[in-house]
1. Out of the residues in the range 43-57 meeting the condition of being among the aromatic types (F, W, Y) and part of a strand (DSSP E or B), tell me which one is most open to solvent (accessible area, probe 1.4 Å).
2. For F13, only one of the following conditions fails: (1) at pLDDT below 85; (2) surrounded by 13 or more Cβ atoms within 10 Å (Cβ to Cβ); (3) hydrophobic (A, V, I, L, M, F, W, C). What is its number?
3. Filtering the range 10-37 down to residues that are out of contact with any strand residue (DSSP E or B) (no Cβ under 7 Å at 6 or more places or on another chain) and in a strand (DSSP E or B), which residue is farthest from Y60 (Cα to Cα)?
4. List the number of the failed condition for G27; all other conditions in (1) on the phi < 0 side of the Ramachandran plot; (2) surrounded by 12 or more Cβ atoms within 10 Å (Cβ to Cβ) hold.
5. From the list R7, R40, pick out the single residue that is part of a strand (DSSP E or B) and open to solvent by 80 Å² or more (accessible area, probe 1.4 Å).
6. Which number in (1) open to solvent by less than 90 Å² (accessible area, probe 1.4 Å); (2) not in a loop (DSSP other than H, G, I, E, B) marks the one condition that H62 misses?
Amino acid sequence: MTLMDVRIEGNYFVVGNQRRKMLTSEGCNEPFKDRFWCPRKKWFMKSTCPFINKLECGNYRHMCGSL
């Protein structure tokens, strides 16, 4: 099993050795193949996150206690 290195470098979204410009301002819901990147969970999700950015996500977690 191979683990892929996923990171944000400035305005670039890097997965393994592939590098491209980010489509979103904070890296939330960055598409890669048929998945979407969640920077808070540091994991690929099957569907997009309902929040626009990390601030909305944080506000929801703060009000509700979890996501």
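The values are calculated or read from the model by the stated rules, or taken from the named source; none is laboratory data. Just so it is clear, the structure is predicted and the values come from calculations on it, not from any experiment. Positions of Cβ are generated from backbone atoms using ideal geometry, with glycine treated the same way; all protein chains shown enter the neighbour counts. What goes into the accessible areas is simple: the full protein's heavy atoms, side chains included, and nothing from ligands, DNA or RNA. Shrake-Rupley method; radii C 1.70, N 1.55, O 1.52, S 1.80 Å.
1. We begin by selecting, within the range 43-57, every residue among the aromatic types (F, W, Y); these are 43-44, 51.
Pick out the ones that are also part of a strand (DSSP E or B) and you get 43-44.
Details: W43: 171, F44: 54 Å².
Once the filter is applied, the top-ranked residue is W43.
2. Condition (1) is where F13 drops out.
3. Only one residue fits best here, namely Q18.
4. Condition (1) is where G27 drops out.
5. On the way: R40 fails: part of a strand (DSSP E or B).
Only one candidate qualifies: R7.
6. Single failed check for H62: (1).
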